[in-house]
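One structure below.
The values are calculated or read from the model by the stated rules, or taken from the named source; none is laboratory data. Small disclaimer: the values here were computed from a predicted structure and weren't measured. Cβ placement follows ideal geometry from the backbone for every residue including glycine, while neighbour counts extend to all protein chains displayed. Please note that ligands, DNA and RNA were not included when accessible areas were found on the heavy atoms of the full protein model with its side chains. Shrake-Rupley method; radii C 1.70, N 1.55, O 1.52, S 1.80 Å.
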Amino acid sequence: QVQLVESGGGLVQAGGSLRLSCAASGRTFRTRTMNWFRQAPGKEREFVAAISWSGSSTNYAASVKGRFTISRDNAKNTLYLQMNSLKPEDTAIYYCAAGPDASWPAREYDFWGQGTQVTVSS
């Protein structure tokens with residue numbers, strides 16, 4: 001079992017930065033592919049970024065590539081998303097999700113956090 005708790009969301013002006021964190025409980029965090037998703041009002045949830053269990057491989061949605069950076073600290077059981085050059089269209093609830101194992105890329109997600117709101121004003 002893995003419990004995921006996101007934090008770090010908030011209100012920021014366009015062009016600003018935020019760093020999201022996802023704290024994981026359990027012993028298996030370090031063996032799982034981890035992901036960030038987001039869901040804007042009235043839209044479907046969409047993939048944002050993924051990172052392999054070791055952190056050696058990452059993948060990004062085209063809309064955030066070059067602006068967002070996913071990372072992880074397995075010693076701290078924590079996943080991060082550094083978001084720079086934020087745009088109003090980045091406004092959404094951001095969720096972290098755990099894949100079932102180290103498979104890359106993950107095709108399914110066993111556990112989800114409750115989400116953290118990010119609002120970017122123009």
If a residue must be open to solvent by 70 Å² or more (accessible area, probe 1.4 Å) and in contact with a Lys or Arg (Cβ under 9 Å, 6 or more places away or on another chain), how many such residues does the stretch 73-83 contain? 1
Looking at ASN59, ASN35, which is the one that is in contact with a strand residue (DSSP E or B) (Cβ under 8 Å, 6 or more places away or on another chain), open to solvent by 50 Å² or more (accessible area, probe 1.4 Å) and either assigned to a strand (DSSP E or B) or among the hydrophobic types (A, V, I, L, M, F, W, C) (or both)? ASN59
Would you mind telling me which numbered condition in (1) among the aliphatic types (A, V, I, L, M); (2) under 19 Å from THR28 (Cβ atoms); (3) under 10 Å from the mean Cα position of the chain (by Cα) ALA49 fails? (2)
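Out of everything in the stretch 84-94 that is in contact with a Lys or Arg (Cβ under 7 Å, 6 or more places away or on another chain) and not in a loop (DSSP other than H, G, I, E, B), what residue ends up being most open to solvent (accessible area, probe 1.4 Å)?
The initial filter retains those residues of the stretch 84-94 that are in contact with a Lys or Arg (Cβ under 7 Å, 6 or more places away or on another chain), namely 84-85, 92-94.
If we keep only those that are not in a loop (DSSP other than H, G, I, E, B) too, we end up with 92-94.
Values: ALA92: 2, ILE93: 56, TYR94: 0 Å².
Among those that are in contact with a Lys or Arg (Cβ under 7 Å, 6 or more places away or on another chain) and not in a loop (DSSP other than H, G, I, E, B), it is ILE93.
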What about ILE70, is it touching a residue at least 12 places away in the same chain (Cβ under 8 Å), surrounded by 22 or more Cβ atoms within 10 Å (Cβ to Cβ), under 23 Å from SER17 (Cβ atoms) and β-branched (Val, Ile, Thr)? yes
Taking the stretch 38-56, which residues are surrounded by fewer than 14 Cβ atoms within 10 Å (Cβ to Cβ) and basic (Lys, Arg)? LYS43
